[in-house]
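Since the structure comes first, as structure tokens, the remarks are kept for the end.
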Amino acid sequence: MDLLENLIKLPIKLNVLPQRYNLYYFQEQNEFVIYIAQNPIQLQSVNSLSIGYISYSINHISSELTIQFLKSNFTGIGIGYYLILIISYIAIKNKIKKILLDDFSDLAHQNSIYENIGCDYVGEKPEPEMECKPKKIYNKLPLFKKKYLSNNKYFVLS
């Protein structure tokens, strides 16, 4: 199953974008960018014109998905959390055992988004390397719904 099929067949419980917004993606070999926008945009404009995006690569041989960059242009409303949930779903569907990332956020080792979704630091502070289990992240979906959807905080851009 390729990425496009995974995105098209998102379970209803993950398909929570407002009607005007969609998930789009770019792929170059095993490198991907998934972004949220109202319309498709050029790759060089994703940073400024999307609501948020995540870039990652997949190594099927080592069964690892590596998140290179995650950005939400509207913080505190669940966009980053949602994109990580999407990545966990894609990893599960592709039988990926580990998600790797470096936490260079301002909250590294201080209750960052990655810690909240179930990732663990590989080294001691201040080392940024983290390892995550896709199913552990995906199992945080009820928490995401409770924190953002049930309180109408998700995707409120004003």
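The values are calculated or read from the model by the stated rules, or taken from the named source; none is laboratory data. None of the values given here were measured: they were computed from a predicted structure. Methodologically, a virtual Cβ is constructed for each residue, glycine included, from the backbone with ideal geometry; neighbour enumeration extends over all protein chains shown.
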Given Ser105, Ser48, which one is modelled with pLDDT under 95, among the hydroxyl-bearing types (Ser, Thr, Tyr), closer than 19 Å to Tyr24 by Cα and out of contact with any strand residue (DSSP E or B) (no Cβ under 8 Å at 6 or more places or on another chain)? Ser48
On the basis of being charged (D, E, K, R), under 18 Å from Ile79 (Cβ atoms) and either in a loop (DSSP other than H, G, I, E, B) or within 13 Å of the chain's Cα centre (by Cα) (or both), does Lys146 make the cut? no
Scan region 120-143 residue by residue and report those that are surrounded by 15 or more Cβ atoms within 10 Å (Cβ to Cβ) and assigned to a loop (DSSP other than H, G, I, E, B). Pro128, Lys133, Lys140
May I ask you to verify whether Gln68 is among the polar types (S, T, N, Q) and either assigned to a strand (DSSP E or B) or within 26 Å of Glu127 (Cα to Cα) (or both)? yes
Check Ile77, Ile113, Ile117 and return the single one that is under 23 Å from Ile51 (Cα atoms) and surrounded by 21 or more Cβ atoms within 10 Å (Cβ to Cβ). Ile117
Scanning region 24-74 for residues that are among the aromatic types (Phe, Trp, Tyr) and surrounded by 14 or more Cβ atoms within 10 Å (Cβ to Cβ), which turns out nearest to Leu107 (Cα to Cα)? Phe74
